[in-house]
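Visitor: Pasting a structure here, questions to come.
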Amino acid sequence: MRFDAAGRGRLVGPGEEIPALGRFGEGFVWLHVNLNDARVPALVAEGRFGPPDLAAAAFASDPHQRVTVEDGQVGGVIADLTRDADLARDAEAPAVPERLPDAAGRLHFVLGPNYLVSGRRHPIVGPDAVREAIAEGRALPGPVALLETLIDRVAAAIGARGAILSERLDGIEDHILDERIRAETRQLGPIRRDAVRLHRQLNGLRAVFHRLEEDGEDLPEETLEAAARIAQRLDALDRDMVVLAERSRLLQEELSGLLARQSNRQLHTLSILTALFLPPTLVTGLFGMNTKNLPFADWEDGSTAAIGIAVLSAAAAFLLIRRLGLGGQRG
């Protein structure tokens, strides 16, 4: 995309010459590269994407988030959210999608005085969102503002994902408070996993811009101010993710406690029933022995008497349980 002096961008058409990086004049250029392309290493070595050493470090396959400053230019790798066609269709649906974008995407970039070169190995959210905003008329005064907008879009996507996770936690929490447990045990695990992953990505992302803010003495003031704004927003977003992860952990513990209490109540009820039926079982076992001289063997109402003894033994067991205070529910 080429940007004029007013910051309005347009896509470079097929066959149109791509402006050389580092040229003099008004405006700037944004190149976005598929790093899986086999031509990228040769273009990096030729200096087509900025200083060769800086571009080689920024576009390396290492996914570790990092930032490098060289001669007033910045190269780095930062977190983004991956996307695919199925997730895009889910995002357009009115219902909350079951699958959410993965937090393991990476945006590689080289930032110069009048250019920004970005690259990715998997489809990610940030560049497409910024391109759509520019197509709708969004003006960007320079490459620093473009990079800041990219990070803002990533942060907004992460924040939206955190909001979806928070809504799901709200529903689970309501069910736990009402003791209406359905599939909450299976749902809490993935929510906590996603919250922890987002926290890890944000923690690395904010560390990159804090380092840029601290080690960028040779950078223009505009770049340092943008890094400070980005770091401040990421700090606030990371705190929200920490709260989300901690909340999901507490809900898991509360759910485990609730399930344990329900299990204890069921076991307690089963124990009481076992105690009540044990004396009648003993009576029926006694009268069912194939031995001589059994009580009531020659009495016409012997069966009725045996049943009465069984019932009385169960009633006696019940009264004994009540007297010992064992009949109440246990938490």
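Computed from the coordinates by the stated procedures, all read-outs in this text should not be read as laboratory data. Values in this document were obtained by computation on a predicted structure and should not be read as measured data. As a convention, Cβ positions derive from the backbone with ideal geometry for all residues, glycine included, and neighbour counts pool all protein chains shown.
Visitor: Please work out how much length the chain gains when fully extended from Ala56 to Asp170, using 0.36 nm per residue of separation minus the C-alpha to C-alpha distance, in nm with one decimal.
Guide: Going from the current span to full extension adds 36.5 nm.
Visitor: While we're on this one: Given H placed 1.01 Å from N in the peptide plane, which residues other than close sequence neighbours of His32 have an amide H under 5 Å from its amide H?
Guide: Under 5 Å from the amide H of His32 lie the amide H atoms of Ser118, each far enough along the sequence or on another chain.
Visitor: Okay, next question. For the range 38-43, what does the Karplus curve 6.51 cos²θ - 1.76 cosθ + 1.60, with θ = phi - 60°, yield as ³J(HN,Hα) per residue in whole Hz, taken in order and with x for Gly and Pro?
Guide: In residue order, the calculated couplings are 5, 7, 4, x, 5, 5 Hz.
Visitor: Arrange Leu278, Leu258 by Cβ neighbour counts within 10 Å, fewest through most, would you?
Guide: Least to most surrounded, the residues fall as Leu278, Leu258.
Visitor: Answer with one residue from Ala42, Gly171, His210: the one whose Cα lies farthest towards the positive end of the charge dipole of the chain, charges on Cβ with Lys, Arg +1 and Asp, Glu -1.
Guide: Farthest along the dipole direction, towards plus: Gly171.
Visitor: Filter the DSSP H helices in the chain by two things, a Kyte-Doolittle mean of at least 0.5 and an axial alpha-carbon span of 15 angstrom or more, and list the hits by number.
Guide: The qualifying helices are 143-177, 302-323.
Visitor: Separate question: If amide H atoms are built 1.01 Å from N in the plane of the peptide, which residues on other chains or at least 5 residues away come under 5 Å of the amide H of Gly7?
Guide: none
Visitor: Please compute the net charge surrounding Ala55, taking Lys and Arg as +1 and Asp and Glu as -1 over other residues with Cβ under 12 Å from its Cβ.
Guide: Net charge around Ala55: -2.
Visitor: How high is the FRET efficiency from Val243 to Ser271, r the C-beta distance, R0 30 Å, rounded to 0.05?
Guide: Approximately 0.10, to the nearest 0.05.
Visitor: Computed from these coordinates, which is Cα Rg over 2.2 N^0.38 Å: [x] 1.22; [y] 0.97; [z] 1.73?
Guide: Here the calculated entry is [z].
Visitor: Taking H as built 1.01 Å from N, whose amide H comes closer than 5 Å to the amide H of Glu70, not counting residues under 5 places away?
Guide: HN-HN under 5 Å from Glu70: Gly75.
Visitor: Run the dipole for the chain about the Cα centre, Lys and Arg Cβ at +1, Asp and Glu Cβ at -1, nothing else charged, and hand back the magnitude in debye, nearest 20.
Guide: Here the chain has a charge dipole of around 1340 debye.
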